[in-house]
Amino acid sequence: MDVVAAAGLAPVSAPGLSPGPVSPPVPRALLEELLAERGDLWRGKGETACAEPGLASGFAALDRALVGGGWPNAGLCEILTDSPGPGLALILPALARLGRQRPWILMAAPPLLPYAPALAARGLEPGRLLVVTCQPVLWVMEQALQAGSCAAVIGWIERGTMADLRRLQLASVQTRTPAFVFRPPAVATQPSPAGLRLQLGAMTPNQLELRLLKQRGRSATVKLRF
């Protein structure tokens, strides 16, 4: 007996049946966004093997823990911290490298004005830095990301909806512009479309504790001290 017929299913080539409309392929950026939002979707380990090489963070322990061996070259990175200094210091080595690729690095609503001599000492040319203090921060960041002329876009955000952050994620992916947002630790339990999410913990003059809360393609339950 025909198994298909026995199951009550009509073969695709049955007379009188016409194929339905073919759905367009789902854009890669949207797929990545959905995978980032849903914590109940599992991605095969093979994805990690073909991950795009990342941007070296300047911290060997962190690079070893990150997929691609560094910060993502595109997409939203979310850093949870209640102290602005260590958070910015964490990404400064990468910003110094990125500053040689495109003319500008934009900082939106930093809690403290950047100190030019300290930035120069870390390899980031102050003349390439655009500091924007006007509100709303999310709108400023989205416009800068969509323009595609910045080497990186950084913002300090107190409040932001999933829709707000999703727009930043998509704009970052579409223009291949790294985006970093600093948010308070209290939002750690809230969902986020960011592909990479980490939290800064206890700090001493010589040591920083960091927890990877989320990253694509690899377990994110990692605690680092360096």
- line: When Arg216, Arg159, Arg122 are arranged by how many other beta-carbons sit within 10 Å of their Cβ, fewest first, they go Arg159, Arg122, Arg216
- prompt: For a label point 7 angstrom out from the Cα of Asp82 toward its Cβ, which stretches of segment 171-194 have the backbone nitrogen within less than 18 Å?
  reply: 182-190
- prompt: Arranged by the count of other C-beta atoms within 10 angstrom, fewest first, what order do Met162, Met141 take?
  reply: Met162, Met141
Distance (nanometres) between label positions extended 7 Å along Cα→Cβ at Glu125 and Ala188: 3.9 nm
Antiparallel bridges, percent of DSSP beta bridges restricted to segment 73-225 (to nearest 5): 30 percent
- line: Going from the fewest other Cβ atoms within 10 Å to the most, one would list Asp164, Asp82 as Asp82, Asp164
- prompt: In whole Å and largest first, what semi-axes does the C-alpha gyration tensor of segment 73-225 yield when each eigenvalue is scaled by 5 and square-rooted?
  reply: 22, 20, 15
Residue-by-residue Karplus 3J(HN,Hα) for segment 132-142, coefficients 6.51, -1.76, 1.60, Hz, glycine and proline x: 10, 9, 6, 10, x, 4, 4, 5, 4, 5, 4
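Laboratory data are not the source of any read-out in this text; all were calculated from the coordinates shown. Quick caveat, the model's predicted, so the values are computed rather than measured. As a convention, Cβ positions derive from the backbone with ideal geometry for all residues, glycine included, and neighbour counts pool all protein chains shown.
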